[in-house]
1. May I ask you to verify whether GLY27 is at pLDDT below 90, at positive phi and not aromatic (Phe, Trp, Tyr)?
2. Taking segment 3-35, which residues are more than 17 Å from VAL90 (Cα to Cα) and not in a helix (DSSP H, G or I)?
3. Which of the following residues is touching an Asp or Glu at 6+ places or on another chain (Cβ under 9 Å), crowded, with 16+ Cβ neighbours inside 10 Å, among the small types (Gly, Ala, Ser) and over 22 Å from LYS14 (Cβ atoms): ALA79, ALA133, ALA65, ALA126?
4. Condition first: closer than 16 Å to SER71 by Cβ and either outside any helix (DSSP H, G or I) or within 13 Å of the chain's Cα centre (by Cα) (or both). Now tell me which residues in segment 99-117 satisfy that.
5. Give me the pairs: first residue in segment 118-130 and under 15 Å from GLY92 (Cβ atoms), second residue part of a helix (DSSP H, G or I) and among the hydrophobic types (A, V, I, L, M, F, W, C), beta-carbon distance under 9 Å, and six or more apart or on different chains, which are they?
6. Taking LEU129 and the conditions (1) in contact with a helix residue (DSSP H, G or I) (Cβ under 9 Å, 6 or more places away or on another chain); (2) aliphatic (A, V, I, L, M); (3) outside any helix (DSSP H, G or I), which numbered condition does it fall short on, given that it satisfies the others?
7. Give me the pairs, please: first residue somewhere in segment 74-90 and in contact (Cβ under 8 Å) with a residue 60 or more places away in the chain and within 19 Å of LEU39 (Cβ to Cβ), second residue anywhere and assigned to a helix (DSSP H, G or I) and hydroxyl-bearing (Ser, Thr, Tyr), beta-carbon distance under 9 Å, and either six or more positions apart or on two chains.
Amino acid sequence: MNMLHLAQPEDRAKLSPLIAGYHAYAGLPTSDDEREDALEQLFSGDIHAAIWLIGPRRSPVGYIAVTFGFSLSKGGRSAQIDEFFVRESVRGRGMGSAALAALVPTLRDFGVHRLLIAVDQSNQRALKLSGRAGFTADDTHLQLIRDLS
């Protein structure tokens, strides 16, 4: 079984409850309209991002949202995992690890040289998963954020 499926506009009905579930879990105060607007932008083709469904295409158990960028110092095309969610009922079964393992060669095929992920320092499970997937902390840089909305 293929672990990842690139989401298409017709997958919105499957994605919406997963995204709402992640936002509720993470305490992100987004509305249905805000999430639907974001999906509309993503599927418009104007945004350099993609979402992969995790698990069976008919009944996915999670998703990985990736944004694409560019870094002169890191060899060109880069990517960042923006959101990564697996339903609580299936966590701990290796699906997250398998999804990350499947994502890496896919991104390499897209010419991505560097993959970043931001993990809440209090989320030990996510930190362990990221470490097993080969992510390491960059002790020389601190990511700073400025919201523009």
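The values are calculated or read from the model by the stated rules, or taken from the named source; none is laboratory data. Please read these numbers as outputs of a predicted model, since none were measured by experiment. Ideal geometry is used to build each Cβ from the backbone, glycine not excepted, and the neighbour counts take in all protein chains shown.
1. no
2. HIS5, LEU6, ALA7, GLN8, GLY27, LEU28, PRO29, THR30, SER31
3. ALA126
4. Correct list: LEU107, PHE110, GLY111, VAL112, HIS113, ARG114, LEU115, LEU116, ILE117.
5. Pairs found: LEU129/LEU100.
6. (3)
7. GLU83/TYR22; PHE85/TYR22; PHE85/TYR25
Rundown of residues vs (1) out of contact with any Lys or Arg (no Cβ under 9 Å at 6 or more places or on another chain); (2) at positive phi, yes/no style:
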| site | (1), (2) |
| --- | --- |
| ILE19 | no, no |
| ALA38 | yes, no |
| TRP52 | yes, no |
| ARG57 | no, no |
| GLY75 | no, yes |
